[in-house]
Amino acid sequence: MVFDGFNEIVIPIITIENRKYIQQAIWGILPENYDGEWNDFQKIVNTQFISLKKLKKHLIFKESLLKRRCLVIVTGFVTAYLKEGELKRFLIQQKNRMPFYLAGIYNVTDDGFSTCSIITTKKSHFLSEYQNITSLMPIKIEDNKQEKWLNPDLSERELMKAIKPFDDFSDFEIKEMTE
């Protein structure tokens, strides 16, 4: 199933606060004290994806990066390439179809709902062949770095070292989507 990011949906995450359990979060982070509607906020500021560069500068998200990181559980992600007026979409997933983790941040609203965003960074050289609409891609958290990503005691400097652009697609397959 491919999720449509233009509608409010929930996705599975693992949080710093509760590392042993998978919980649901609304995809598209809201500021902590925001009490309006998700759709209203997303129309002004789409926060389903947020670049690492923006995270470090924006006060409403920087605290989430430092204190409320999460692993977003996915089986793949979609990217697009525009050529001669035609848009082609590609699904990127592991060859074994197993889930993997993307770097994320989350907040909890006053009514107890978690909202989250997937962190992006400069796209890899390999991905350039399949993506030219944006220069960003999600940050994949390697299997041996999951505990580090969820370590609440990580300094900002250590955190930046822990998240590097992913460029090893040897265990992945890329398929053009027809629908």
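The values are calculated or read from the model by the stated rules, or taken from the named source; none is laboratory data. Computed from a predicted model, the values in this text were never measured in an experiment. Don't worry about glycine lacking a Cβ; one is built from the backbone with ideal geometry, like all the others, and counts go over all protein chains shown. Surface areas here come from the heavy atoms of the whole protein model, side chains and all, with no ligands, DNA or RNA. Shrake-Rupley method; radii C 1.70, N 1.55, O 1.52, S 1.80 Å.
Tabulated data
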quantity: Under the Karplus curve 6.51 cos²θ - 1.76 cosθ + 1.60, θ = phi - 60°, whole-Hz ³J(HN,Hα) for the stretch 96-108, x wherever Gly or Pro sits; calculated: 7, 6, 6, x, 9, 10, 10, 5, x, 10, 8, 9, 10
quantity: Fraction of accessible area attributable to carbon and sulfur, the stretch 20-179 (%, probe 1.4 Å); calculated: 50
quantity: Percentage relative contact order, the chain, counting C-alpha pairs under 8 Å, at least six apart; calculated: 24
quantity: Total formal charge among the other residues, if their Cβ is under 14 angstrom from that of LEU66, Lys/Arg +1 and Asp/Glu -1; calculated: +1
quantity: Under the Karplus curve 6.51 cos²θ - 1.76 cosθ + 1.60, θ = phi - 60°, whole-Hz ³J(HN,Hα) for the stretch 156-161, x wherever Gly or Pro sits; calculated: 4, 5, 5, 4, 5, 5
quantity: Sequence-distant residues sharing a close amide H with PHE172 (under 5 Å, placed H); calculated: LYS95
quantity: Under DSSP loop assignment and at most 10 Cβ neighbours within 10 Å, longest trypsin sites (Lys or Arg not before Pro)-free interval of the chain; calculated: 98-179
quantity: Mean accessible surface per residue for the chain, computed with a 1.4 Å probe while every protein chain stays in place, in Å²; calculated: 59
quantity: Sequence-distant residues sharing a close amide H with ASN46 (under 5 Å, placed H); calculated: none
quantity: Amide H contacts under 5 Å for ILE9, placed H, 5+ residues apart; calculated: TRP27
quantity: Candidate values (1) 195; (2) 129; (3) 118, label of the one derived for volume of the Cα convex hull per residue in Å³; calculated: (2)
quantity: Stokes-Einstein D in µm²/s, Kirkwood radius over Cα pairs - the stretch 92-137 at 25 °C with 0.890 mPa s viscosity; calculated: 186
quantity: Rounded to whole Hz, the Karplus (6.51, -1.76, 1.60) HN-Hα couplings of the stretch 77-88, x for glycine and proline; calculated: 9, 10, 9, 9, 9, 9, 9, 6, x, 10, 9, 10
